[in-house]
1. Of 140, 126, 79, which is farthest along the charge dipole of the chain in the positive direction, counting Lys and Arg as +1 and Asp and Glu as -1 at C-beta?
2. Order the peptides 49-58, 83-92, 252-261, 25-34 from the highest to the lowest mean number of other Cβ atoms within 10 Å of their residues.
3. Can you figure out the FRET efficiency of residue 85 with residue 220, using R₀ = 35 Å and their beta-carbon distance, to the nearest 0.05?
4. Could you calculate, for the stretch 184-280, the ratio of the Cα radius of gyration to the Kirkwood radius, expressed as Rg to Rh?
5. Assuming R0 = 41 Å, what is the FRET efficiency of residue 131 and residue 39, from their Cβ-Cβ distance, to the nearest 0.05?
6. Report the one residue of 238, 54, 248 whose Cα lies farthest in the direction of the positive end of the charge dipole of the chain (charges on C-beta: Lys and Arg +1, Asp and Glu -1; origin at the Cα centre).
7. Note the direction-averaged projected area, equal to a quarter of the hull surface, for the Cα convex hull of the stretch 221-264, in nm².
8. Taking the inverse of the average 1/r across all pairs of different Cα atoms in the stretch 28-162, what Kirkwood radius in Å do you get?
Amino acid sequence: MAAAFAARGLVKRFGPVTALDGVDLDVEEGELVGLLGPNGAGKSTLVKIGCGLVRASAGEAHVCGAPAGTRDARTVMGYLAELFRFPGWATANELLVLHQRLAGSGGGAAERAELLDLVGLTEARSRRIETMSKGMQQRLGIAQALVGTPRFLFLDEPTSALDPGGRRTVRRLLEELRRRGVAVLLNSHLLSEIELVCDRVAILSRGKIVAQGRPSDLARPRGVEVDVDGATRLYEGVGRDQVPDIVAELVAAGEQVYGVRVLETTLEEIYLEAVGEEAG
């Protein structure tokens, strides 16, 4: 089966400016991939090419096997822009009716009810959008992106306006989408959210992917801390594999071991190392 999203040698130039410079990226079925990078790194350009809003200068992008921007690609994808605007006079239900018509979805009232329940807005179905908080509008935006049961989603900063409770709701939603086999490319500046929910990350810098993989695979060992009676000992430069030997040596020496922590580089540290000076 074709990847939910695939970019090969993707290049985009705006006059003398190269926004993307040979990007290769796959998002598999049911996979959540976090897209990270500083402002101007090319993240929005990549998403817009995937949505068919911008044409690549070279290379190609496919959504579920169909060339990006074609009708076949648009029918299997959903999109939530970072700076979306919905008509304030419309209710949540009316907005979803509109997007069902735009997407050609025949899901009707049952689909709308399911989507509002999924994002925690069942009680707000008849509420006008202009009376909703920014967080409620953000969740409604995710609901509209899911109209028509897409197999792949582009989500641009979906938790940027949410409080911790709202972010937890979105995390649970993303986990449910993974369970249903829906793939997601998630563009976010909240590294902690990416680390919690995404299977892999891809870091863009100056139009190139400079690192990608599972956060755990990208992390490097920083050492091991062991809590013994009355003290904490740090073993620098060792990793998880050395823990059994360290504990065995301490116990053989008559020490009481109360806890062990494996220290690794955080996603934030990985990100900052990958983008270098551009992070500033």
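1. Going by the Cα projections, it comes out as 126.
2. 25-34, 49-58, 83-92, 252-261
3. 0.25
4. For the stretch 184-280, the value is 1.12.
5. Computed FRET efficiency for residue 131 and residue 39: 0.80.
6. Of the options given, the answer is 54.
7. 2.6
8. Evaluated on the stretch 28-162, it is 15.8 Å.
FYI, it's all coordinate maths here, none of it is from the lab. Computed from a predicted model, the values in this text were never measured in an experiment. FYI the Cβ positions are ideal-geometry reconstructions off the backbone, even for glycines, and counts take in every protein chain you see.
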